[in-house]
Amino acid sequence: MKYLDEYRNGDIAAKLVERIRRAQTNPWVIMEVCGGQTHSIVKNGIDHLLPKGIELVHGPGCPVCVTPLEMIDKAHAIARRPGVIFCSFGDMLRVPGSNGDLFTIKSNGGDVRVVYSPIDCLKLARGNPDKQIVFFAIGFETTAPANAMLAWQARQMGLTNVSLLVSHVLVPPAIEAILSSPENRVQAFLAPGHVCAVVGYREYEPLAARFHVPMVVTGFEPLDILEGVLMVVEQLESGRAEVENQYSRVLARGGNTPAQDIIAKVFEVSDRKWRGVGTIPQSGFKLRQEFRGFDAEQRFQVAAIDTQEPEICIAGQILQGIKKPHDCPAFGAQCTPLHPLGATMVSAEGACAAYYAYGRHLKDSDLITAEGLPS
Amino acid sequence: MSATKTEERQQTRPGPFGECPLPIFDHPQIVLGHGSGGKLSAELVEKVFVRRFHNPTLEKMDDQAQLQIAGARLAFTTDSFVVTPIFFPGGDIGTLAVNGTVNDLAVGGARPLYLAAAFILEEGLPAADLERVVDSMAQAAASAGVQFVTGDTKVVNRGKGDKLFITTSGIGLLDRPTQISADGARPGDKILLSGYLGDHGITILSQREGLEFDTILQSDCAALNGLVAAMLDEAEAAGNLAGIRSMRDPTRGGVATVLNEIADRSRTGILLRESEIPVRESVRGACEMLGLDPLYVANEGKLVAIVAPEIADRILAAMRSHPLGADSRLIGEVVESHPGLVLMKTSVGGTRVVDVLFGEQLPRIC
């Protein structure tokens, strides 16, 4: 992979920060939607570089975080069955359900595997005809094309031992829910670059206009994020509310048409429950009628599992940008990555886990000393 | 391991039947994270092993035990190897088993001399595979200047092992008056790293998962005793052998984990500069794609040394003139502030904490 250093250049970063400082005259609250952006901001200390008047709040775009507890319990119920090979993206393995996590199920003899692509399940299915291969198909629009491709190819190949446990969610309905909330503080968005690389950003335009909020489709490298913040601040200061594209090296307004086609062939939009938030209408995907045969919820009859979230965790408010991790009394105390109380502490992309991993549970006075490091 | 100790104190308040003699290990069973080198591993070692085997030598928790026996100073260590696949670009389980143990001795300042090997073989293992591994071990031992002087073999039923597991133990002679230990770092000391990070871990991962990258990566598996000897020679020539304070080979858990151990054991802070940490483009690309951090990825032929500022330049030059240290860098300093913590100045100018991971580093979803 080339051109990483170019997007992490300290001199250019300092220039962008200076431009933001000059552009900004009012205090602004900006939400970065995607968990990958949150991770990059905290990992690189970008929020500490910004002028005091600019507050970044962390959005709902962490796929592991927003997967509802009941769906995790369904996954665990399936993974515990003999004869099942349960396949998942890596960071789902440590997410606790009502009774342990996938690592615990694995240590109890369950066959749980990390896959890097959903398509890996096809090979497993052919190699293990006596086993049921179940893929935990979670995520936003970003993972939807590859997950759809699994169902599509499984049908083409006539595989009967593959199924998907689908918990797919969509970004625009979540943004709409955040903006419609009476508690909303968010004045502008860094829209998610990888989601828009798949579906484009046409859908964001009516939202920006209706709520009069600027949105800048932004990438994930430090300079991407700083440039995205600059573009958003310039819009805010001049009273504009448009959708702009910072991540133009990766995506165009219309997104990726073949990816959209495969999604449309396999999935249809449906209501979805979001962890910590509740049900948002028309906010996710389910398998289309002709692919229902690949629905793991039906195949393993786990549709009836309905788990309520624990009340202590404020993950829901964190995912909506109403609160920050340190606003939670349990953060860094009872709730750590070793003993997470909620989903935002589990995934590397969750705001609480990112804050914890990069030392945000420590006092600022401990951190300031790094400034003294000779360059 | 101070965090673990604090937790423990809270958990071992005297109960109605007096003080509980053992800390509570609050996992009903072992999970993979207990082998990750992170917080879960530390908890396992502390709560299950150290509490039961306790003695001052063990409690030093260095990569090797340093022993005084009848006038001789010896270093003693052991390590098990369970890598899958057993053959990979740059080495195999046999070269790892030799070099890993040699390195654990060498980073304590010892001259590795003798090794023991114990093999657990799974029924059905092709004899040719075993011979290939043992050939590698013989070659690696010869090139590191050590001899296998004892060993053991067991065979388990098919399905009860994963082809072959090797445990190697080693003895080395501490024939110079070194004082190298994880608790030796002092404010002002410099942190030297002997080359590119993450080659081994990413090579194994890409083999195991069938991931294909543009460049062919190789494990960095190598015996470091020659490099260490060159560093000790230079420190002796400078009249400051004690200036080599701590050394570690950052295997599982990576550089982040060993630096946290040193910061914790020495009660000092550590400051790193991200821009100085060498990571190959291919390793960085793979880490980006998988959502991994090279600071936590395993190395099998690298060392991190904490050295006194007076001799840092000389030691760095000596490292660079050795073939296994050609890409050595000064990556940071030991500081008085924030004891027990590792901080890093990021390339873009921010600051982050580099903490110990709790368990396995998990690939991110997207």
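What share of all Cα pairs of region B:246-366, in percent, falls into each consecutive 10 Å distance bin?
12, 43, 36, 8, 0
Scale the Cα Rg of chain A by the rule-of-thumb value 2.2 N^0.38 Å and send over the ratio, two decimals.
1.00
Within a 10 angstrom radius of the beta carbon, how do A:D73, B:D355 rank from fewest other beta carbons to most?
A:D73, B:D355
Percent of alpha carbon pairs in region B:220-260 separated by more than 13 Å?
61 percent
Per residue, how big is the convex hull around the C-alpha atoms of region B:135-246? Give it to me in cubic angstrom, could you?
196 Å³
Straight-line reach from A:K131: which lysines have Cα under 28 Å away, leaving out those fewer than 8 places along the same chain?
Result set, ordered by chain and number: A:K74, A:K106, A:K123, A:K265, A:K286, B:K160, B:K163.
Using a 10 Å cut-off around each Cβ, can you sort B:S328, B:S181, B:S337 from fewest to most neighbouring Cβ atoms?
B:S337, B:S181, B:S328
Round to the nearest 0.05 the FRET efficiency obtained for A:S117 and B:D313 when R0 = 30 Å and r is the Cβ-Cβ distance.
Computed FRET efficiency for A:S117 and B:D313 comes out at 0.05.
Rank B:A75, B:V149, B:I120 by how far each Cα sits towards the positive end of the charge dipole of region B:21-150 (+1 on Lys, Arg Cβ; -1 on Asp, Glu Cβ) and give me just the farthest.
After comparing all options, I get B:A75.
From other protein chains only, count the Cβ atoms within 10 Å of every residue's Cβ in A:40-50, then give the mean.
4
Roughly how big is chain B's charge dipole about its Cα centre, with Cβ charges of +1 (Lys, Arg) and -1 (Asp, Glu), in debye to the nearest 20?
I would put it at about 660 debye.
For the protein assembly as shown, evaluate the Debye formula with one uniform point scatterer on each Cα (no solvent term) and list log10 I(q)/I(0) at q = 0.05, 0.07 Å⁻¹, rounded to two decimals.
Computed log10 I(q)/I(0) values: -0.26, -0.52.
Eigenvalues of the Cα gyration tensor times 5, then square-rooted: what semi-axes does that give for chain B, in whole angstrom, largest first?
Its equivalent ellipsoid spans semi-axes of 28, 26, 24 Å.
Using a Debye calculation, one point per C-alpha and no hydration shell, please list log10 I(q)/I(0) for region B:60-173 at q = 0.15, 0.17 Å⁻¹ in order.
-0.64, -0.79
Please compute the Kirkwood hydrodynamic radius of region A:201-316 from all pairs of different C-alpha atoms, in Å with one decimal.
Result for region A:201-316 stands at 17.7 Å.
Are any of the pairs A:K43/A:K323; A:K15/B:K190; A:K324/B:K39; B:K39/B:K60 more than 22 Å apart by Cα-Cα distance, and if so, which?
Where the Cα-Cα span goes over 22 Å, the pairs concerned are A:K15/B:K190; A:K324/B:K39.
Each reported figure results from applying straightforward, stated rules to the coordinates on display, with no laboratory input. Every value quoted in this text rests on a predicted model; they were computed, and no experiment measured them. Neighbour counts run over all protein chains shown; Cβ positions are idealised from the backbone, glycine included.
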